[in-house]
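The values are calculated or read from the model by the stated rules, or taken from the named source; none is laboratory data. Values in this document were obtained by computation on a predicted structure and should not be read as measured data. As a convention, Cβ positions derive from the backbone with ideal geometry for all residues, glycine included, and neighbour counts pool all protein chains shown.
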């Protein structure tokens, strides 16, 4: 039993090590991947623009439910005028980047893993190697870059929709004064601490982690249908754990 | 052994997962000829092609391609070398995001800055050669197996390579498509002087197209020669392989322990 646990630990550490080496390989290939600029733009469209619907919808509902819950709790203390502030801070600092990254891992990360895994299973990556085209520079690096660029932008969209959702419930539905909602929020929210550090920096870090995991899992998947299925699942599981753990670490440094 | 060999393999030894794939293998691929590599399944024929292209490295020995020792080449040098090699994958390996035209144009776009008009002319020329100019705008999913194989062939010859490696080019083809591929291999060899190496099991097809045949088994070359005489050279290997015998030097059973013991009968060998 102990040796089985040891094996799991050793395998996990080996995976993390291999993932780290893969990151170095991708970073080294990024200058060469600039030759394939069109491919990077295509991937930004695919993982970014195509994720907008789910990110906007979820952002709206998260903001709405947050507005509803906070109004309910704050009304006990007569502090409903702070609803906008608390909705905004909760979304900017935590929910925005974290939920966007989780959605991104489920929507875009899995499709990147499955796509690269199927390319591996159908010899497309080997065919590129044989045509003297480096698949790390042509396939892996553009998808990695696309995730790193797209996630912070998606995080901003999620936050905007979340605040809009909070406003929709708090002001339009529950009757909080519109001026109070916005003025309290703008007086409290700090651009650097909440937007730059809260949304952009965290989303950038999550973008690196999720994209790396998705590309790595696809690139190293066994070339079978079962292998691709497992790799896709591992992308979601590993990304989710990494996002939440990294969020704690980043928050402890940024707060 | 051949004096004018484009590929020269000496003492190649490869062990994969404890199994010896090649055991000090010596083999020459003559320049400008069609050479067939044959042998029982799992004997390492595709692995041999991967050694020639540098996708795999052996544990010992040398693989020389045009005088360059492939396992010692840097990645950059290897990529330069591969621009002179065409490789036809068993499953065609077309890029599924691109249509037929873009698949064939892919190597040109990646390695040259040719004007679009010239790329178009080269691609249409290659597609015409394989009889698929009319399918230029079809996606890979819309192609039959034989058509996909021919598109992959057009892509493999887009740079007019010195050497083309075909990995099981006849598998799953109907007789018409098989003959078309046969004809293409022979025509490319004769008109462009391309050296061809093909891994295949289809004896009749190999006899039609190949100038020289190597029969590989147990990690070594067990027989070689021109296809017409090789089938009747009297060796037990060729007799079994070309005669399609179930048992012989290549055993029917995968190595295993005593059968009676495996079934739990008393008296079985331990």
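Observations on the structure shown:
- Checking each residue in region A:7-22 for being buried (at least 16 other Cβ atoms within 10 Å of the Cβ) and either at pLDDT 95 or above or not in a helix (DSSP H, G or I) (or both) picks out only A:22.
- Of all residues in region B:71-117, those being more than 13 Å from chain A (Cβ to nearest Cβ), within 27 Å of residue B:7 (Cβ to Cβ) and in contact (Cβ under 8 Å) with a residue 12 or more places away in the chain number 1.
- A single entry from B:81, B:65, B:27 fulfils the requirement of being farther than 15 Å from residue B:197 by Cα and more than 14 Å from the chain's Cα centre (by Cα): B:81.
- Residue within region A:86-95 that is in a helix (DSSP H, G or I) and over 21 Å from the mean Cα position of the chain (by Cα) present: yes
- Scan of region B:141-169 for residues that are more than 20 Å from residue B:85 (Cα to Cα) and away from chain A (no Cβ under 14 Å), ordered by number: B:142, B:144, B:146, B:147
- Residue-level analysis places residue B:81 among those that are in contact with a strand residue (DSSP E or B) (Cβ under 7 Å, 6 or more places away or on another chain) and in a helix (DSSP H, G or I).
- Total residues in region B:48-70 satisfying the condition of being in contact (Cβ under 8 Å) with a residue 24 or more places away in the chain and surrounded by fewer than 17 Cβ atoms within 10 Å (Cβ to Cβ): the figure is 4.
- Test: residue B:156 is buried (at least 19 other Cβ atoms within 10 Å of the Cβ) and under 15 Å from residue B:105 (Cα atoms): yes
- Residue within region A:111-134 that is under 18 Å from residue A:206 (Cβ atoms), within 14 Å of chain B (Cβ to nearest Cβ), in contact (Cβ under 8 Å) with a residue 60 or more places away in the chain and part of a helix (DSSP H, G or I) present: yes
- Residues of region B:43-59 satisfying the condition of being more than 27 Å from residue B:252 (Cβ to Cβ) and outside any helix (DSSP H, G or I): B:54, B:55, B:56, B:57, B:58, B:59
- Applying the criterion of being at pLDDT 95 or above and farther than 18 Å from residue A:190 by Cα to the residues of region A:72-101, the residue that is surrounded by the most Cβ atoms within 10 Å (Cβ to Cβ) is A:100.
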